[in-house]
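Note sheet for the following structure.
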Amino acid sequence: MELIHKRSLPHWYVSGAAHFVTYRLAGSLPVAVVHNLNKRRDQLLAKPPNRPPGEYRGHVNRLLFVAYEKYLDWLRNPRIASMLRENLYHHDGNKYHLHAYCVMPNHVHVLLTPSPVEVSPPLDADAEMVVGERADAGSPLSKIMHSLKSYTANKANRVLKRTGTFWQPESYDHWARNDDELERITNYIRANPVTAGLVSRHEDWPWCSCHDRFLIDGDTTAWLPTT
């Protein structure tokens with residue numbers, strides 16, 4: 001079952017599928033940029049080409065993601081990054097299976113598959129249904145992200161001796177439709193620190209699954225071992 005919910009950004013959930021999620025620090029994306037991305041999204045979705053609706057929405061999602069990523073700033077705090085990594089591993093094998101991740105200076109990329117036990121409540125008869133899709137409020141992915149972000153926001157604020165919003169309210173998510181897309185996503189996660197100029201070798205960034213995997217068996221992919 002594919003679920004979609006449109007707030008400022010589109011959200012998809014598909015039971016049993018791997019989901020690629022990016023969540024960012026609050027205030028790191030200018031208001032004008034958000035406005036332009038929303039306007040571009042609405043324009044694209046208002047004039048769909050002659051292709052399957054779900055496929056086209058995925059295409060629009062990827063286009064927006066490329067634009068979204070252009071506006072990143074690079075700030076680093078090792079204590080916060082380590083805490084985020086620990087939090088991701090804490091829920092692995094329980095709420096989800098963690099495939100790959102990368103904690104960057106102002107955002108986190110994670111590829112995970114929600115656990116089957118994380119089940120959505122049934123929908124009422126008036127819920128919107130379009131090609132197997134429905135609103136994602138209360139979905140496993142929504143619950144997972146709320147848990148990850150609320151815990152880390154509170155702890156990070158204590159570490160930094162600050163108050164206020166830590167994460168942007170919404171995350172950017174995309175579900176992987178096939179094995180080729182899974183590989184592209186994982187390669188993208190792996191490449192982030194090198195692309196940003198933080199390290200010269202992928203496995204040298206200490207807060208990513210590529211580094212963790214390298215320490216386990218010398219493999220330099222971003223894929224974590226299956227447990």
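The values are calculated or read from the model by the stated rules, or taken from the named source; none is laboratory data. Quick caveat, the model's predicted, so the values are computed rather than measured. Using ideal geometry, Cβ is built from the backbone for each residue, glycine included, and neighbour counts are taken over all protein chains shown. Just so you know, the surface numbers come from the protein's heavy atoms only, side chains and all, with ligands and any DNA or RNA stripped out. Shrake-Rupley method; radii C 1.70, N 1.55, O 1.52, S 1.80 Å.
Name the residues in segment 135-187 that are of a type in the set (Ser, Thr, Tyr), assigned to a helix (DSSP H, G or I) and surrounded by fewer than 16 Cβ atoms within 10 Å (Cβ to Cβ), would you? Reasoning before the result, please.
Quick first cut of segment 135-187, residues of a type in the set (Ser, Thr, Tyr) only: 139, 142, 147, 150-152, 163, 165, 171-172, 186.
Now drop any that are not assigned to a helix (DSSP H, G or I), which leaves 142, 147, 150-152, 186.
Residues satisfying the conditions are SER147, SER150, TYR151.
For a quick check of your reading of the model, give me the residue pairs whose first member lies in segment 157-171 and is closer than 14 Å to LEU84 by Cβ, whose second is assigned to a loop (DSSP other than H, G, I, E, B), with beta-carbon atoms closer than 7 Å and at least 6 apart or on different chains.
Once the first residue is closer than 14 Å to LEU84 by Cβ and sits in segment 157-171, its partners that are assigned to a loop (DSSP other than H, G, I, E, B) give ASN157/THR163; ASN157/PHE166; PHE166/ALA26; TRP167/ALA26.
Can you find a residue that is open to solvent by 20 Å² or more (accessible area, probe 1.4 Å), within 12 Å of CYS208 (Cβ to Cβ) and either part of a helix (DSSP H, G or I) or modelled with pLDDT under 80 (or both) anywhere in segment 89-96?
Scanning segment 89-96, I find no residue that is open to solvent by 20 Å² or more (accessible area, probe 1.4 Å), within 12 Å of CYS208 (Cβ to Cβ) and either part of a helix (DSSP H, G or I) or modelled with pLDDT under 80 (or both), so the answer is no.
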